[in-house]
Amino acid sequence: MAKRILIADDDPSSREMLVEFARTRGYDVVAVDDGPAILNSVYNDHIDLIITDLMMPNMSGASATDILKMQDITPPVIALTALTPNETVVVEDVFVKIFHKPCHFVELFDYVESLIGK
């Protein structure tokens, strides 16, 4: 059975590109557009890994991840962001890794595979 990845990004074109690339790599994908939808998806479905945009409306990827950790729900969470490394230093410990946009999808999904396999 394919591993299930949750992809959260408020930009529809970015989200769709990530979804399509993840599917070509053999992953089952759930796609959402904000932090509350991350929580809803994780509470209602088995998720092996989360890839989230850092800045989204309603709730950031960091806030959603913090809530999950407080509830001992701990799939690996990777952040994607257009912020600079200096701007993300305060949330570094929230995520297993932060990729800065523009992100190379091959590098991102090679890392995903190193964490959860296929």
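The values are calculated or read from the model by the stated rules, or taken from the named source; none is laboratory data. In this text the structure is predicted, and so the values were computed from the model without any measurement. In this analysis, Cβ positions are derived from the backbone assuming ideal geometry, glycine residues included, and neighbour counts consider all displayed protein chains.
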(message) Under 9 Å between Cβ atoms, which residue pairs at least 6 apart in sequence (or on different chains) link something in the range 24-51 that is part of a loop (DSSP other than H, G, I, E, B) and among the basic types (Lys, Arg) with a partner that is modelled with pLDDT of 95 or more and crowded, with 19+ Cβ neighbours inside 10 Å?
(response) ARG25/PHE109; ARG25/VAL112
(message) If I go through the range 98-118 residue by residue, how many of them are in contact with a Ser or Thr (Cβ under 7 Å, 6 or more places away or on another chain) and not basic (Lys, Arg)?
(response) 2
(message) Which of the numbered conditions does LYS118 fail, given that it passes all the others? Conditions: (1) in contact (Cβ under 8 Å) with a residue 24 or more places away in the chain; (2) closer than 18 Å to LEU18 by Cα; (3) surrounded by 11 or more Cβ atoms within 10 Å (Cβ to Cβ).
(response) (3)
(request) Check ALA2, ALA64, ALA8 and return the single one that is among the small types (Gly, Ala, Ser), touching a Gly at 6+ places or on another chain (Cβ under 9 Å) and surrounded by fewer than 18 Cβ atoms within 10 Å (Cβ to Cβ). (result) ALA2
(request) Test each condition in (1) among the hydrophobic types (A, V, I, L, M, F, W, C); (2) modelled with pLDDT under 95; (3) closer than 22 Å to ARG4 by Cβ for MET55 and report the one that comes out false. (result) (3)
